[in-house]
1. Which is farthest toward the positive dipole end of segment B:1-60 among B:Asn49, B:Ser11, B:Gly38, measuring Cα position about the Cα centre, with Cβ charges +1 (Lys, Arg) and -1 (Asp, Glu)?
2. For segment B:4-77, treating each Cα as an identical point scatterer without solvent, what Debye log10 I(q)/I(0) comes out at q = 0.17 1/Å?
3. Which value, in debye to the nearest 20, gives the size of the charge dipole of the protein assembly as shown about its Cα centre, when Lys and Arg are +1 and Asp and Glu are -1 at the Cβ?
4. What do you get for GluC sites (Glu not before Pro) in segment A:97-162 restricted to DSSP loop and a cutoff of at most 12 other Cβ within 10 Å of the site's Cβ?
5. Mind checking A:83-92 for the average number of partner chain beta-carbons within 10 Å of each residue's beta-carbon?
6. Please compute the contact order of chain A in relative form: average sequence separation of alpha-carbon pairs under 8 Å and at least six residues apart, divided by the residue count, as a percent.
7. For chain B, with equal point scatterers placed on the C-alpha atoms only and solvent neglected, what are the log10 I(q)/I(0) values from the Debye formula at q = 0.12, 0.14 1/Å, to two decimals?
8. Quick one: Debye curve from the C-alpha atoms of segment A:2-82, no solvent, what's log10 I(q)/I(0) at q = 0.12, 0.13, 0.16 Å⁻¹?
Amino acid sequence: MELYLDMHSPPCRLVFLFAKAVGIPFEFKHVELSAGQHYSEEFGKISMIRKVPVMKDGSFILTESIAILKYMVQKYSSSVADHWYPADLQQRARVNEYLSWQHMNIRAHASKVFLLRAVFPVIMGSEVPKEKMDAAVEDLNQSLNLLEEKFLENKQFIVGDKISLADIVALIEVMQPLGTGLNVFEGRPKLSAWRERVKKELGEKLFDEAHEVIMKVGSLPEKMQNNSQLEMLRPKFQKLFR
Amino acid sequence: MALELYLDLYSQPCRSVYIFAKKNNIPFDLRRLSLLDGEQYGEEFGKINMIRKAPALRDGDFCLAESIAILLYLAEKFQTPDFWYPADLQQRARVNEYLSWQHMAIRMHGSKMFWLRLLIPKVLGVEVPQDKLDAALEDLNGSLKLIEEKFLQDRPFIAGDHISLADLVAIVEVMQPVGSGLDVFEGDPS
């Protein structure tokens, strides 16, 4: 199994982390998004959507991290513990509910904050307008409130006593703006405690290894500035900032 | 107590749930919700779905939001025919792939067109700048193109020979801009 990944991308990190945590063997194929590698002809043959992650299992190619996670769970069902994606009807529904909701909420808002803080100045050649930044942070805060109040409530993990795919997907997205200096956990003891529990279940060393790149994201603007592909990438990024 | 479905049929995710339940003869009590009237902000509904969106399901004590989760729950609970969510590893993956992709693509773009062409000008009485409309149309066309070239290709349905949840979720989204007078099928035989 091959996994095409850029560790700056949360969906890539979660596929990486899950596969490693449950012992699914794979070959890491690096795709450097900041260098526009996903627009290469070669990568286009793997996935015409030109996004990461992509999984290639023999001749079967699959995009979308959520689909890849579920594929792994199903394929390796004999070795992946039930709690990751419980067979129980209601518990599974809770995981699916989170996995569905997060796309347009935590994922969208955390990514936007990250892109505005780390990438906007390089692409647009100016600082982020304050109202834009404030609005993005406010959206993220609303999502974090819902994560705490509706999905976690007073439970140990999103589904209950045990960790599931929902917790990995959630935490990895929440981590995204951290490397840009925005501490989303500040003033949120419940969220911080949950983060520690999730890290412990996954393995702290593994978790930190997966986040090494995103925590050093300060060097990303310079890397992009010096990149010959910047002009090609510029309009694509500009669309995200509309 | 019968299963309750809280739906507003203006909303695409509500339509996919409604069609799926009806098609599979799943008994339910329809609880109509008017989003335009702000009924999702009522105290009663807040107890069912704190996220305050439709659709929502109540099955005894169990409340569930998110159409994708509801569809999967109904398929499993009522053991609907396999083709809706195939047990086969790769076919299921294809359905999951579409169900995941569509959130930030066709769902977002189809909804935006509906808002920009209908709700904002006709209901709110606010004019929408042409460049915003053009940009939204470009995004929508991009999504439609991907549906044809990546998800359908030369297959009759997204997962292969049979209809699945992916097609159902796709069609209700694609229909949304049609309601605002934009014929997305024009010039597009597939």
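1. B:Ser11
2. Each listed q maps to, in turn, -0.55.
3. I would put it at about 360 debye.
4. Those satisfying the criteria are A:Glu127, A:Glu153.
5. Rounded to a whole number, the mean comes out at 2.
6. Relative CO of chain A lands at 25 percent.
7. -0.63, -0.85
8. -0.32, -0.37, -0.55
Bear in mind these aren't lab numbers, they're just calculated from the coordinates by the rules spelled out. Computed from a prediction, not measured in an experiment: that's the story for all the values here. Neighbour counts run over all protein chains shown; Cβ positions are idealised from the backbone, glycine included.
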